[in-house]
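Visitor: What follows is a structure written as structure tokens; I'll ask about it next.
The values are calculated or read from the model by the stated rules, or taken from the named source; none is laboratory data. Only a predicted model underlies this, so the values are computations on that prediction, with no experimental measurement involved. All Cβ positions, even for glycine, are placed from backbone atoms using ideal geometry, and neighbour counts span all protein chains on display.
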Amino acid sequence: MRVIVDANIVFSGILNSNGKIGDLLINSEKHFDFIAPDFLRSEIYKHYQRLSKISGLKIDQIREAEFQICKDMKFISEEQIKEATWIAAVKLVADIDPKDTHYVAYSKHFRCKIWSGDKKLIKGLAKKGFTKFVTTEELFSIRQK
């Protein structure tokens, strides 16, 4: 099963590699194909200091956690997504959070669900009929079967 991974999921995994989200990201290679936009790498890097402050971990520990969390994730270039898909995604998220355009565009392009903890995004898009989301609990349940 292919799944688009949102930044907040990756950050949660880095902050708590031993938690349910960290476990899913680290130990689910046989069950899921985790996909993320290429820009997520730079987002993680930009937040090293903040992640370090929140977690109490040193930067080299954050890097190691990032490596473990992202080792089986496929980072895909934005150029692979068609312009029409970007336009549709922009329209959907414009009044919710334009920063989430990538996730919606990738979901549409790859025809798969988004794993996100962003309740505002999930609720806002559900009102517009876009319900391609999967929860941590659903993924955990799928993996256990």
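So that you can scan it fast, the table gives a plain yes or no per residue for (1) more than 17 Å from Val134 (Cβ to Cβ); (2) in contact with a strand residue (DSSP E or B) (Cβ under 6 Å, 6 or more places away or on another chain):
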| site | (1), (2) |
| --- | --- |
| Met1 | no, no |
| Ile9 | no, yes |
| Ile26 | yes, no |
| Phe39 | yes, no |
| Ile54 | yes, no |
| Ala65 | yes, no |
| Lys91 | yes, no |
| Ile96 | yes, no |
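Visitor: So, one more: Being in a helix (DSSP H, G or I), modelled with pLDDT of 95 or more, surrounded by 15 or more Cβ atoms within 10 Å (Cβ to Cβ) and not hydrophobic (A, V, I, L, M, F, W, C) is the filter here; which residues of the range 11-47 pass it?
Guide: Scanning the range 11-47 gives Ser12, Gly13, Gly22, Asp23.
Visitor: Here is a follow-up. Just to verify a result, which residue in the range 88-112, among those that are within 18 Å of Glu43 (Cα to Cα) and among the charged types (D, E, K, R), is surrounded by the most Cβ atoms within 10 Å (Cβ to Cβ)?
Guide: Asp100
Visitor: A follow-up question, please. Would you check which residues across the range 42-58 are within 23 Å of Ala105 (Cα to Cα) and touching a helix residue (DSSP H, G or I) at 6+ places or on another chain (Cβ under 8 Å) and list them?
Guide: Glu43, Ile44 - these are the residues of the range 42-58 that are within 23 Å of Ala105 (Cα to Cα) and touching a helix residue (DSSP H, G or I) at 6+ places or on another chain (Cβ under 8 Å).
Visitor: Residues of the range 60-72 being surrounded by 20 or more Cβ atoms within 10 Å (Cβ to Cβ) and either more than 14 Å from the chain's Cα centre (by Cα) or over 13 Å from Tyr48 (Cα atoms) (or both), which ones?
Guide: Ile62, Ala65, Ile69, Cys70
Visitor: State which residue is surrounded by the fewest Cβ atoms within 10 Å (Cβ to Cβ) when the search covers only the range 113-139 and only residues that are β-branched (Val, Ile, Thr) and farther than 18 Å from Asp95 by Cα.
Guide: Restricting to residues being β-branched (Val, Ile, Thr) and farther than 18 Å from Asp95 by Cα, the top hit is Thr135.
Visitor: Is it fair to say Ile114 is of a type in the set (Val, Ile, Thr) and at pLDDT below 95?
Guide: Judged against the criteria, Ile114 is not a match.
Visitor: Looking only at the range 50-87, which residues are touching a residue at least 12 places away in the same chain (Cβ under 8 Å) and not in a helix (DSSP H, G or I)?
Guide: Lys71, Asp72, Met73, Lys74, Phe75, Ile76, Ser77, Ile81, Lys82
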